[in-house]
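**Q** Right, I'll just put the structure down here and ask away after.
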Amino acid sequence: MGDRKTIYLEQGWEFVQKGITKLIEGLPGPQFSSEDYMTIYETVYNMCTQKPPHDYSQQLYDKYRESFEEYINSEVLPSLREKHDEFLLTELVTRWANHKVMIRWLTRFFRYLDLYFIARRSLPPLNEVGLTSFRDLVYRELYAEVRDTIISLIDQEREGKQIDRPLLKKVLDIFVEIGMGHMDRYESDFEASLLEDTAAYYSKKASNWILEDSSPDYMLKAEECLKRERDRVSHYLHPSSEPKLLESNTNYCLSMQINYFEKEHSGCCALLRDDKVEDLLRMFELFSKIPMGLDLVANIFKQHVTAEGTALVKQAEDAASNEKAEKKDVVGLQEQVFVRKISELHDKYLAYVKDCFQNHTLFHEALKEAFEAFCNKGVGESSSAELLARSKKLSDEAIEETLEKMRDLTLARENKTSFEEYLSNNPNANPGIDLTVTVVTAGFWPSYKSPDLKLPAEMVCVFSRHSIRQKRRRELTWIYSLGTCNMVAKNHDIVDIVPASALLLFNTSERLSDSEIMNQLNLSDSNVVRLLHSLSCAKYKILNKEPNRKTISLTDHFEFNVMFTDKSRRIKAIDASVVRIMKSWKVLGYQQQVLECVEQLGTPDFKAIKKRIEDLITQDYLERDKDNLNLFR
């Protein structure tokens, strides 16, 4: 090694440059023998390992970058500048492929720089230098023209023209690869403009469709457009564009045209009136993709069923008035006709709920509320519900289930009124709190998981005494997730039964340990840890904790924070509700998650719920499905 002949910069670089020239002339498939490659590699190696002042590592690093710049300026840019439209895209794909081949070979020739010189100096690696040269000299000059050409071709495809999809895929891959591990170039330099163009395109289309098409035809076109946008993503757009593209489509085709579907003589009303089962299913699937879309359809459905049921009640009332002077058996016949028609109405729309609305809870609830609305109306001397209850000839399971639910709700209302009267007439029995309890029969309604919480004695005892007094010895299972509790503490309302039960413990004890709280509430250790963490370690520190750290243990002690204040005046237990729902469902769509949360909390604060869901995602309590961003796990 000591006798190795010194290689001077000009002499060594001239030899290396001949190898680079051979590489460029042979693109895209240069031919280098093992001997050729090793000769160039050893020349670079020797020039980098000579003793100063003949260590040319820095000079070779600079010339590596200059080789790319010279090649791009002399050959690549002139060729690209003279081409436009699809010819520009084709040439860009070729030049990008050649450039990556050139990077691959040059990084092998100059590998010693990557291993030692660059690592010691903390310089950009050779591969990055090669990519950066193309980005700075080629991409920045041409990306706007390339982007506009791609978007123009996409619009042509939307109008039915065939385009070169593989070519677009290769060009869009350049936008991704040029970001060197980040999506910022694709998103800001291409995707933002695509979404803007998509919004303008479908806004114009939707305006024309409304003027030209019936609602079924409109939905067919909207459905077909969604399908085609998904198809574009699968063939040439990046997968991350799909939810944004579909959101833009549904926003301009559905959300912004929603009034069209609410009109009495078109949209959902017309589909229900004309029994358009297939179109109703299509409407359900389309509107499930937009925020609160299903709420709109369910509300129209409820109004339609209520109107039909009310019309039947009116017919029965008129018949009862006309037959009042007739024989009793004629009146009974009219009642039987009414019962049969109501039952047929229930069968018809229950089938809609199952077949068109996929058994969604919103539509089950809408059907139930519609029947409650008109079944409480009078027919002759009886209510509709009473006529149904007296019917002996109709024993269909679905009808019986509906009737049982109606009777159960009636009993629940009566029981609630009776309990309020009991408290009013027995001041000594009043626990000093405003307590309202709804008791329904478990077998008729959805089941809910609920912890074995030990409620405050003043709540349980007073209602239990009332139940005994009424001689209704029913085993009560308290569903805390469906209840709310408003507590006043220094003028601040705290809403949620479980934390409220915990806070009530501090009315009789100034200081409690984790284990004492767990025993008094009869909750599991994991439930108590989550509960106490939310009350003492989260943003709202309602309890003071000792020791003051972020974890909860059995030996920790808690005191009520008498200094606690907050301008919001209300803390909603949205986080707990969301996590509780996800533990039950495991996988759930965004729309259903919000609705389940609203059902549990009893408040339609959709904005707050959405924000809490996003925050829980960032805190890793929830995660989005990789294939469908509207699903959570």
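Every number in this text was worked out from the coordinates using simple rules, so none of it is lab data. This structure is a prediction, so every number in the text was calculated from the model and none was measured. Every residue, glycine among them, receives a Cβ derived from its backbone with ideal geometry; neighbour counts consider all protein chains shown.
**Q** Ranked highest first by the average count of other Cβ atoms within 10 Å around their residues, in what order do 103-109, 202-208 fall?
**A** Ranking, from highest mean packing down: 103-109, 202-208.
**Q** Could you sort 300-306, 519-525, 56-62 so that the peptide with the highest average Cβ count within 10 Å comes first and the rest follow in order?
**A** For the peptides 300-306, 519-525, 56-62, the packing ranking is 300-306, 56-62, 519-525.
**Q** Pop out the ³J(HN,Hα) list for segment 80-88 in order, Karplus 6.51 cos²θ - 1.76 cosθ + 1.60 with θ = phi - 60°, rounded to Hz; leave Gly and Pro as x.
**A** Per-residue couplings from phi come out as 6, 5, 8, 10, 9, 6, 5, 5, 5 Hz.
**Q** Determine, from the Cβ-Cβ distance of ALA119 and ARG140 and an R0 of 30 Å, the FRET efficiency 1/(1 + (r/R0)^6), rounded to the nearest 0.05.
**A** Approximately 0.55, to the nearest 0.05.
**Q** How far apart, in nm, are the 7 Å Cα→Cβ label points at ARG549 and GLU82?
**A** 7.4 nm
**Q** A follow-up question, please. Among the GluC sites (Glu not before Pro) within segment 24-109, which fall in a DSSP loop and have no more than 15 other Cβ atoms within 10 Å of their own Cβ?
**A** Within segment 24-109, the qualifying GluC sites (Glu not before Pro) (loop, at most 15 other Cβ atoms within 10 Å) are GLU82.
**Q** May I ask for the net charge around ALA370, where only other residues with Cβ less than 9 Å from the Cβ of ALA370 are counted and Lys, Arg are +1 while Asp, Glu are -1?
**A** Summing Lys/Arg as +1 and Asp/Glu as -1 gives -1.
**Q** How much FRET efficiency would the formula 1/(1 + (r/R0)^6) give for GLU42 and GLU159, where r is the Cβ-Cβ distance and R0 is 60 Å, rounded to 0.05?
**A** So the FRET efficiency works out to roughly 0.50.
**Q** Going through the cross-link list LYS204/LYS626; LYS204/LYS302; LYS169/LYS227; LYS22/LYS83; LYS169/LYS626, which pairs have a Cα-Cα distance over 29 Å in this structure?
**A** Exceeds cut-off: LYS204/LYS626; LYS204/LYS302.
**Q** Within the set LYS416/LYS539; LYS276/LYS607; LYS314/LYS354, which residue pairs have Cα atoms separated by over 32 Å?
**A** Listed pairs above 32 Å: LYS416/LYS539; LYS276/LYS607.
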